[in-house]
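I have placed the structure first, in the form of structure tokens, so that the comments after it can refer back to it.
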Amino acid sequence: IVSSKIQKLEILLDIPRESKIEFKLHQGSSNYSAFPGKCLFTDTILLPKNSLQWVIIQLNKSIEKPGWHFIELKSAHEFGIHSQNDPPPGVSFLQPTFKNSQKSKNPFSDFEPIQTKEESEPIGPNLRAFPLQSAFSSSNVINPFFRPTEVPNLWVSQNTDFKYAEFIELTWAQKISISCVEISFDAAFNFYYSNFPKSSSSNAIRSIVKDYNLFFTDNNGHGQKILEVRNNQKPLVIHEFEKIETASIEIEILSTNGIERAQIFQVRVF
């Protein structure tokens with residue numbers, strides 16, 4: 001959540017019998033924001049039996065600390081949370097770290113991420129936050145960070161089959177001289193890997209951009225190709241070329257190594 005206020009949440013649930021569901025909204029913890037911390041809101045809602053329903057949680061709460069937030073759900077009866085495959089980074093499930101009254105083994109949190117099977121897509125809850133969030137804005141590629149902090153620091157495009165390319169453009173108020181572009185792609189921070197070495201059917205990380213072109217704008221306002229890259233598997237690429245004068249560059253993304261969207265942490269121009 002990166003807005004100063006959150007109005008409501010919508011989450012897709014499966015309610016096999018009439019049930020009371022307790023909802024809690026937590027902000028990220030102060031020492032490690034990827035774990036639930038302070039509770040900002042709690043409420044209990046009586047939900048009718050329904051195999052599929054969007055449940056609306058009215059919040060109207062000010063956000064004290066923009067960043068990762070967590071929804072905790074409890075009920076005396078079984079219920080299901082509908083999932084989505086390959087959700088945006090950070091949209092994930094957590095589960096209690098203890099079972100059958102065993103004490104938690106994690107000194108930082110009572111929860112841990114649910115890991116998917118090897119080489120399978122990550123899964124996450126099907127939910128929406130209002131107002132709609134700009135956590136994956138294109139402006140993230142020019143901030144100082146190239147890894148997640150309390151926010152993703154990541155540009156994420158719309159879902160696509162790449163029939164048409166995705167683009168991201170950097171512009172300047174006046175022409176500058178450039179001779180190097182560095183790009184930090186997403187090296188699958190949304191995927192939890194095994195603690196033990198295992199073979200894989202692919203050496204490529206699915207979230208890394210595979211095929212792309214780099215353009216600059218010439219004096220006539222036309223795009224000119226600087227270079228093209230095919231079959232990239234590197235999370236960090238550095239491109240050096242003859243010095244050019246331009247007021248904008250554009251990255252044209254043609255495909256990734258698996259996921260159906262483009263993701264870039266940072267673009268640096270020298």
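The values are calculated or read from the model by the stated rules, or taken from the named source; none is laboratory data. All values reported here derive from a predicted model rather than from experimental measurement. Note that each Cβ is placed from the backbone with ideal geometry, even for glycine, and that neighbours are counted across all protein chains shown.
Overview of values
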item	result
Of the criteria (1) exposed (fewer than 14 other Cβ atoms within 10 Å of the Cβ); (2) at pLDDT below 90; (3) within 12 Å of the chain's Cα centre (by Cα), which one residue 122 fails	(1)
Residue pairs meeting the criteria (Cβ under 7 Å; at least 6 apart or on separate chains; first under 19 Å from residue 152 (Cβ atoms), in the stretch 18-39; second loosely packed, with under 12 Cβ neighbours inside 10 Å)	27/64; 37/30
Residue match in the stretch 224-243 (condition: at pLDDT below 95 and over 19 Å from residue 162 (Cβ atoms))	no
Test: residue 56 is touching a strand residue (DSSP E or B) at 6+ places or on another chain (Cβ under 7 Å) and crowded, with 16+ Cβ neighbours inside 10 Å	no
Test result for residue 85, more than 30 Å from residue 259 (Cβ to Cβ), surrounded by fewer than 15 Cβ atoms within 10 Å (Cβ to Cβ) and touching a strand residue (DSSP E or B) at 6+ places or on another chain (Cβ under 9 Å)	no
Elements of type strands (runs of 3 or more DSSP E) contained in the stretch 215-270, each with 3 or more residues being touching a Cys at 6+ places or on another chain (Cβ under 8 Å) and farther than 21 Å from residue 203 by Cβ	236-256
Verdict on residue 61 being at pLDDT below 95, of a type outside the set (Val, Ile, Thr) and in a strand (DSSP E or B)	yes
Residues located in the stretch 14-46, provided they are farther than 16 Å from residue 72 by Cβ and either part of a strand (DSSP E or B) or more than 25 Å from the chain's Cα centre (by Cα) (or both)	14, 15, 16, 17, 18, 46
